[in-house]
Amino acid sequence: MNGRILIIEDEEKLARFVEMELSYEGYAVEKAPDGRLGLELALGGGFDLIILDIMLPGLSGMEVLRRVRKSSDVPIIMLTARDTVIDKVSGLDNGADDYITKPFEIEELLARIRNALRKKAGALPPKLLSACGVAMDIERHAASYGDTPIELTKREFDLLRFLLENKGIVFSREALLERVWGYEYAGDTNAVDVYVRYLRGKIDDVYGVKLIHTIRGVGYVIKDERE
Ligand code: CA
């Protein structure tokens, strides 16, 4: 078993879907359809992680978050509706570990869960990242292809780092904008295309590799072709 996860979510279909996927991944799952039961179960303890919807009947997700945080540091991932920046900010301010915007890809939620559990276990994120012969040394803030350094601007570095850290997961432009640029960034998603183009110009075009793949109608992903 990978761990015990509590889903506090009143949308029955969504909760069931997430439960099914998490069970498939080897997590033990419990569900609560409203804030009060969710809080009760959460305070009962024994969970390794909680997925918490913000809009809940009974007791709001934010209130559940506040009360759980008084006595527990269990990792909590908030589910927020699209474009509710205020929810994300106050969720993080009130001690949520992460948030994910609905609708989301299940792979993204799984990646966040692994991340949160890893952080809680005190495991540091990997300092060396690589794919297709391209390597990043996060501590030295350096990227290279073989022995050849690749000069990147801060934003290019951050984007490449995020995609490499989440190798194999496809991210939409919106998700990349949120994750790399930050939720307070007001620009449009064209910025993502522009920076992907910059990276390809500095890496793919120079070294003849195919690092960042475009998934039409969805977004971008880094695949390690050799794996
Ligand atoms: Ca809801």
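The values are calculated or read from the model by the stated rules, or taken from the named source; none is laboratory data. If you're wondering where the values come from, they're calculated on a predicted model, not measured in any experiment. Heads up, the Cβs are rebuilt from the backbone with ideal geometry, glycines too, and the neighbour counts pull from every protein chain shown. Remember, those area values only see protein heavy atoms, side chains included, never the ligands or the DNA or RNA. Shrake-Rupley method; radii C 1.70, N 1.55, O 1.52, S 1.80 Å.
Evaluate the following for residue 91: is it open to solvent by less than 10 Å² (accessible area, probe 1.4 Å), within 16 Å of the ligand (Cβ to nearest atom) and modelled with pLDDT under 95?
Here the answer is yes, as residue 91 does meet what is asked.
Considering the conditions (1) modelled with pLDDT of 95 or more; (2) in a loop (DSSP other than H, G, I, E, B); (3) within 17 Å of residue 116 (Cβ to Cβ), residue 46 is excluded by exactly one of them, (1).
So residue 72 ticks every box in (1) over 17 Å from the mean Cα position of the chain (by Cα); (2) open to solvent by 60 Å² or more (accessible area, probe 1.4 Å); (3) over 20 Å from residue 10 (Cα atoms) but one. Which box is left unticked? For residue 72, the exception is condition (2).
Has region 127-140 got any residue that is of a type in the set (Asp, Glu) and surrounded by fewer than 18 Cβ atoms within 10 Å (Cβ to Cβ)? Among the residues of region 127-140, at least one is of a type in the set (Asp, Glu) and surrounded by fewer than 18 Cβ atoms within 10 Å (Cβ to Cβ), which makes the answer yes.
Applying the selection to region 101-115, what residues are open to solvent by 40 Å² or more (accessible area, probe 1.4 Å) and closer than 17 Å to residue 74 by Cα? Of everything in region 101-115, those that are open to solvent by 40 Å² or more (accessible area, probe 1.4 Å) and closer than 17 Å to residue 74 by Cα turn out to be 114, 115. So in region 193-227, with the set limited to residues that are of a type in the set (Ser, Thr, Tyr) and assigned to a helix (DSSP H, G or I), which one is farthest from residue 161 (Cα to Cα)? That would be 207. Residue selection: residue 14 satisfies the criterion of being open to solvent by 10 Å² or more (accessible area, probe 1.4 Å), under 17 Å from residue 79 (Cα atoms), assigned to a helix (DSSP H, G or I) and within 11 Å of the ligand (Cβ to nearest atom). Of the residues in region 185-195, at least one is open to solvent by 50 Å² or more (accessible area, probe 1.4 Å) and either at pLDDT 90 or above or among the polar types (S, T, N, Q) (or both). Pairing residues of region 4-32 that are of a type in the set (S, T, N, Q) with residues that are more than 14 Å from the ligand (Cβ to nearest atom), at Cβ distances under 9 Å and at least 6 apart in sequence or on separate chains, gives 23/29.
Does region 59-75 contain at least one residue that is at pLDDT 95 or above, assigned to a strand (DSSP E or B) and within 16 Å of the ligand (Cβ to nearest atom)? So far as region 59-75 goes, no, none of its residues is at pLDDT 95 or above, assigned to a strand (DSSP E or B) and within 16 Å of the ligand (Cβ to nearest atom). Any residue in region 181-189 that is farther than 27 Å from residue 114 by Cα, in the same structural domain as residue 217 (by TED's automatic domain parsing), touching a helix residue (DSSP H, G or I) at 6+ places or on another chain (Cβ under 7 Å) and among the aromatic types (Phe, Trp, Tyr)? No, that holds for no residue.
Scanning region 123-138 for residues that are modelled with pLDDT under 85 and of a type outside the set (A, V, I, L, M) gives 125, 126, 127. Within region 1-11, the set of residues being under 18 Å from residue 54 (Cα atoms) and away from the ligand (no atom under 13 Å from the Cβ) comprises 5, 6. Does region 160-176 include one or more residues that are open to solvent by 80 Å² or more (accessible area, probe 1.4 Å) and under 30 Å from residue 49 (Cβ atoms)? Yes - at least one qualifying residue is present in region 160-176.
The single condition from (1) in a strand (DSSP E or B); (2) open to solvent by less than 60 Å² (accessible area, probe 1.4 Å) that residue 156 fails is (1).
Residues of region 28-36 include none that is within 16 Å of the ligand (Cβ to nearest atom), assigned to a helix (DSSP H, G or I) and within 23 Å of residue 162 (Cα to Cα). Answer with yes or no whether residue 46 is surrounded by fewer than 18 Cβ atoms within 10 Å (Cβ to Cβ), at positive phi and within 16 Å of the ligand (Cβ to nearest atom). In short, no.
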